[in-house]
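Everything on this sheet refers to the single structure shown next.
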């Protein structure tokens, strides 16, 4: 979910594991020479989602890394299948008040450019949580947790699946 800490926690985790951090949204922006917001505005969400699947598949076919995807990526069954085939999915489960506190003052969230962004976030949250719950691993976030604490909690969850860390 947007605001869950995917990028910050992903970077901290990658540094600990000594692997590269990759961000599918950043890769898309680089390839398109446009921001995600501009891609949504110009080409629409369907176009963006197709490019997103291509990028996720390519990045997961490369060397071992931590990949942060946009909040909508895991909603697509084809992305969940690619991730399951080539990696392990981790859901950073932050509750709605925590997510709102992190995104309410940012204008970089195209899906929240609505008359009532808080209500929109709530709708997205309620729709997405059942799908996010399909992730291989769930790590619950709390308001007081730092990025480092979350990275530690993800490491502990991954350690419970030894085959995951063996390849690193």
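The values are calculated or read from the model by the stated rules, or taken from the named source; none is laboratory data. Note that the structure is a prediction, hence the values are computed from the model and not measured. Virtual Cβ from ideal backbone geometry, glycine too; neighbours counted across all protein chains shown.
Residue by residue, here is whether (1) more than 23 Å from residue 13 (Cα to Cα); (2) within 17 Å of the chain's Cα centre (by Cα); (3) part of a helix (DSSP H, G or I) holds:
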position: 105; (1), (2), (3): yes, no, no
position: 118; (1), (2), (3): yes, no, yes
position: 122; (1), (2), (3): yes, no, yes
position: 126; (1), (2), (3): yes, yes, yes
position: 138; (1), (2), (3): no, yes, no
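Say whether the condition of being surrounded by fewer than 21 Cβ atoms within 10 Å (Cβ to Cβ), assigned to a helix (DSSP H, G or I), touching a helix residue (DSSP H, G or I) at 6+ places or on another chain (Cβ under 6 Å) and touching a residue at least 40 places away in the same chain (Cβ under 8 Å) is met by at least one residue in segment 29-37.
yes
Which numbered condition in (1) at pLDDT below 95; (2) surrounded by 12 or more Cβ atoms within 10 Å (Cβ to Cβ) is the only one that residue 148 fails?
(1)
Please give the number of the condition residue 88 fails out of (1) assigned to a loop (DSSP other than H, G, I, E, B); (2) touching a helix residue (DSSP H, G or I) at 6+ places or on another chain (Cβ under 6 Å); (3) over 22 Å from residue 22 (Cβ atoms).
Among (1) assigned to a loop (DSSP other than H, G, I, E, B); (2) touching a helix residue (DSSP H, G or I) at 6+ places or on another chain (Cβ under 6 Å); (3) over 22 Å from residue 22 (Cβ atoms), the lone unmet condition for residue 88 is (3).
For segment 130-145, give me each residue that is surrounded by fewer than 15 Cβ atoms within 10 Å (Cβ to Cβ) and without any contact (Cβ under 8 Å) to a residue 12 or more places away in the chain.
130, 144
State all residues of segment 60-73 that are surrounded by 13 or more Cβ atoms within 10 Å (Cβ to Cβ) and assigned to a helix (DSSP H, G or I); if no residue qualifies, say none.
60, 73
Checking residue 57 against (1) farther than 30 Å from residue 33 by Cβ; (2) buried (at least 16 other Cβ atoms within 10 Å of the Cβ); (3) under 16 Å from the mean Cα position of the chain (by Cα), which test does it fail?
Result: residue 57 fails condition (1) only.
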